[in-house]
């Protein structure tokens, strides 16, 4: 993993000739209290556009147009007579916004989503493979503390099939 320091910000990423996944943790700062610059390493993944929506914790999700369309198809295919399906639609689709990405890689985070996630000046961008999570530092610190509990991790992840073939 490489560390690249630009403009007082730490960028952590896997060094590769071409990155096709969102990886690592990135400390960024809101510019003009509203926008962030996507790390240059990942900008090409947003070439066809991007979306932002609420996450499942008090965070936000940023994903490419392709990933958002796949997610939309899955969520929209659920039975709308099911109250849980309607809640999921409201959470993900009802809070989504299309992002305009400037030539310099800047995106504007909608005010309602900034308020929901408690974003102020500093944010943490966390790569999740095919999307980013956006966290306020205080909430990300809680998540990190939770992840550092190795005994709890052994129990909570034991049921998942993480076999590597």
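Each value in this text was obtained by applying a stated rule to the coordinates, not by laboratory testing. What you see is a predicted model, and the numbers here were worked out from it, not measured in a lab. Here Cβ is always computed from backbone atoms with ideal geometry, including for glycine, and neighbour counts include all displayed protein chains.
Some observations on this one:
- Gained length - residue 27 relative to residue 101, 0.36 nm times residue gap less alpha-carbon distance: 24.7 nm
- Its relative contact order, with pairs defined as Cα atoms under 8 Å and 6+ residues apart, puts the range 2-151 at 30 percent.
- For the options 36, 80, 52, a Gaussian network treatment of the chain with springs between C-alpha atoms closer than 10 Å singles out 80 as fluctuating the most.
- Taking 0.36 nm per residue of sequence separation and removing the Cα-Cα distance, the residue 142/residue 89 pair yields an extension gain of 16.4 nm.
- Sorted ascending by nearby beta carbons within 10 Å, beginning with the fewest, 150, 53 become 150, 53.
- Here, P(r) means the percent of Cα pairs in each 5 Å bin from 0 to the largest distance; for the range 9-165 it is 2, 8, 16, 19, 20, 16, 12, 6, 1, 0.
- Length gained when the stretch residue 40-residue 20 is fully extended (0.36 nm per residue, less Cα-Cα span): 5.9 nm
- Sequence of 139, 82, 161 once ranked by neighbouring C-beta atoms within 10 Å, starting from the fewest: 161, 82, 139
- Residues residue 74 and residue 116, FRET efficiency given R0 of 25 Å [Cβ-Cβ distance, rounded to 0.05]: 0.65
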